[in-house]
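A quick write-up on the structure given underneath.
The values are calculated or read from the model by the stated rules, or taken from the named source; none is laboratory data. Since the model is a prediction, treat every value here as computed from it, not as a measurement. Positions of Cβ are generated from backbone atoms using ideal geometry, with glycine treated the same way; all protein chains shown enter the neighbour counts. Each accessible area value is taken on the protein alone, full model and side chains, heavy atoms only, with ligands, DNA and RNA left out. Shrake-Rupley method; radii C 1.70, N 1.55, O 1.52, S 1.80 Å.
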Amino acid sequence: MATQHLDLQEQEQLDQLKAFWTQYGNLISSALIVVFGSIAAYNGYHYWQRSQAAQASTLYDQVELAALSGDAVKVERAFSDMKDKFGGTVYAGQAGLLAAKQLQEKGNTDGAKAALTWVAENGADDSYKSVAKLRLSALLVEAKTYDLAWKQLEGNFPKDFAALVADRRGDILMAQGKKPEAKTEYEKAYKAFDERTDYRRLVEVKLNSLGVDPAPAKAAVAAVPMTAPVTAVAKEAVAAPAGGTTAAPAVAPTSTKIEPAATGDKK
């Protein structure tokens with residue numbers, strides 16, 4: 001092979017390149033490894049997330065079928081599998097609400113409380129966690145454990161749940177005979193609910209029973225910026241009142257599954 005001779009300028013440039021690579025070559029190589037490794041890890045993680053979501057969806061179908069069949073034992077077993085294998089997915093929270101509803105209907109209040117507690121503490125979705133806390137507080141009010149019921153309503157909630165939380169606090173205070181405090185919470189709930197929300201009329205009825213007519217204040221309330229309308233998930237936190245002023249929230253519709261972006265498994 002013929003040897004190509006370099007002139008002095010080219011030889012000087014080559015020597016400079018060699019010196020630069022000798023000084024910074026390892027650093028550049030390490031940086032490239034980190035960059036490409038991060039890209040590979042990112043793609044791998046999202047592939048794993050999609051795989052987890054697909055598997056969790058299949059297992060959620062089992063929870064739903066068990067609920068439709070009315071078999072509480074199968075519901076508990078399927079939900080237990082969901083927690084163990086896909087506890088970090090949104091499907092797990094959805095399954096927990098469904099399982100709690102089924103167990104409560106079958107008279108297994110302790111099982112319903114356990115399912116709701118798990119969702120409230122470990123759910124991957126803030127809305128489902130909030131629904132679980134509201135429903136759990138209702139069960140605790142029925143059991144007359146008012147301090148525990150109130151504790152479920154402490155801490156931060158999504159903005160869309162502010163009215164529902166105030167209403168439930170009012171229910172707890174009413175059950176304890178604390179009417180002035182209950183009135184204050186109901187008034188907060190009434191003002192926080194959007195005028196178009198049907199549940200607002202129920203709060204108005206509760207205020208009427210305490211001798212308060214919020215109607216004269218409607219004009220003033222309309223002048224104040226309302227909170228964001230209650231979302232569909234938040235609406236599912238309540239249903240027709242059960243046992244007086246306490247409204248038992250309903251589980252998210254079982255006929256429609258949410259296709260979420262799964263989070264990492266919390267196991």
On the basis of being over 23 Å from the mean Cα position of the chain (by Cα) and over 30 Å from LEU103 (Cα atoms), does LYS191 make the cut? yes
VAL131 is checked against (1) under 18 Å from ALA72 (Cα atoms); (2) assigned to a helix (DSSP H, G or I) and fails just one. What number does that condition carry? (1)
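Being part of a helix (DSSP H, G or I), of a type in the set (A, V, I, L, M) and touching a strand residue (DSSP E or B) at 6+ places or on another chain (Cβ under 9 Å): is that true of ALA162 here? Reasoning before the result, please.
Working: part of a helix (DSSP H, G or I): yes; of a type in the set (A, V, I, L, M): yes; touching a strand residue (DSSP E or B) at 6+ places or on another chain (Cβ under 9 Å): no.
So ALA162 fails the test.
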Which residue is farthest from LYS101 (Cα to Cα), if the candidates are limited to region 140-170 and must be surrounded by fewer than 24 Cβ atoms within 10 Å (Cβ to Cβ) and in contact (Cβ under 8 Å) with a residue 40 or more places away in the chain? LYS159
Using the structure shown, decide if ILE28 is out of contact with any Asp or Glu (no Cβ under 6 Å at 6 or more places or on another chain), modelled with pLDDT of 75 or more and surrounded by fewer than 11 Cβ atoms within 10 Å (Cβ to Cβ). no
VAL119 vs (1) over 22 Å from ASP171 (Cβ atoms); (2) in a helix (DSSP H, G or I): all pass except (1)
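Which residues, taken from region 81-119, are hydroxyl-bearing (Ser, Thr, Tyr) and open to solvent by 10 Å² or more (accessible area, probe 1.4 Å)? Step through it out loud before you land on a result.
The initial filter retains those residues of region 81-119 that are hydroxyl-bearing (Ser, Thr, Tyr), namely 89, 91, 109, 117.
Matches in region 81-119: THR109, THR117.
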Within the bounds of region 60-74, is there any residue that is at pLDDT below 75, part of a helix (DSSP H, G or I) and open to solvent by 60 Å² or more (accessible area, probe 1.4 Å)? no
What are the pairs, 6+ residues apart or on separate chains, where a residue within region 191-215 that is closer than 23 Å to LYS178 by Cβ has its Cβ under 6 Å from a residue that is among the aliphatic types (A, V, I, L, M) and in a helix (DSSP H, G or I)? LYS191/VAL221; ALA192/ALA162; ALA192/ALA163; PHE193/ALA163; VAL203/ALA189; PRO214/LEU207
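Output the residue which, of all residues in region 1-19 that are open to solvent by less than 100 Å² (accessible area, probe 1.4 Å) and not acidic (Asp, Glu), is modelled with the highest pLDDT.
Initially, region 1-19 is screened for residues open to solvent by less than 100 Å² (accessible area, probe 1.4 Å), giving 2, 6-7, 10-11, 14-15, 19.
Okay, now just the ones that are also not acidic (Asp, Glu), so 2, 6, 11, 14, 19.
Details: ALA2: 46, LEU6: 59, GLN11: 72, LEU14: 74, ALA19: 79.
Step by step, filter region 1-19, then rank; the result is ALA19.
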